[in-house]
Amino acid sequence: MPIEFLCHILLARVAHVPTKIMKNFEQNSFPFLFLFNPLNNLVFLFIIAETLEPDVKFLNLSILSPGRPDIVLSIPENGKPKGLWFTLKEGSPHSLKFSFQVSNNIVSGLKYTNTVWKTGVKVDSTKEMLGTYSPQPEAYTHVNPEETTPSGMFARGSYSARSKFFDDDNKCYLEINYTFGIRKEWAAT
């Protein structure tokens, strides 16, 4: 695990560390190191703390299409929505919007990959850099560039897909496997 030094704290111009301070650190189980400089009677305390791993929680996925209400999809805990997760109209422009929260630490180089199969044959693969995000209580949103759904008799039908969100260290925050459909018309809302 990464270790971070939280700098030195000037305690006192004395040759010893007060017992009260020492007991407080021992009770809280902080790893620490004391250094004494005899030239100027300064005592320094170095607190050694573990750096927390970033945590990214995806709240929902929305499908945006001009002239239509947004399709907001909640993400199941197990990453496997049951049945057909959503339906798109053939030939329609659309984009994906992700809402997520970052906590504990900065997530560096968050990426999104999506692979789509039809009848077991890979028909599309997308990889996009979402960016680097710092922790905050409010949700972040990211909108992918607009795409157009394929059209025609051979494009219609059911597809299976896998989306993954991971960072520069290849830590995966969400992997979701789902099925969706492409039809002549939008599904009734």
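Derivation of every value follows stated rules applied to the coordinates shown; laboratory data play no part. Note that the coordinates shown come from a computational prediction; the quantities given were computed from them, not determined experimentally. Here Cβ is always computed from backbone atoms with ideal geometry, including for glycine, and neighbour counts include all displayed protein chains.
The figures follow:
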item: Three-way shape call for region 55-183 based on the alpha-carbon gyration tensor, with the a/c threshold at 1.5; result: prolate
item: Ordering of 97-106, 140-149 by packing [mean C-beta count within 10 Å, highest first]; result: 97-106, 140-149
item: Computed lengthening from residue 104 to residue 122, 0.36 nm per intervening residue step minus Cα-Cα distance; result: 2.8 nm
item: Gain in span if fully extended, residue 155 to residue 55, counting 0.36 nm per residue against the direct Cα distance; result: 32.2 nm
item: Contour excess over end-to-end distance, with Cα ends at residue 80 and residue 188 and 0.36 nm allotted per residue; result: 36.6 nm
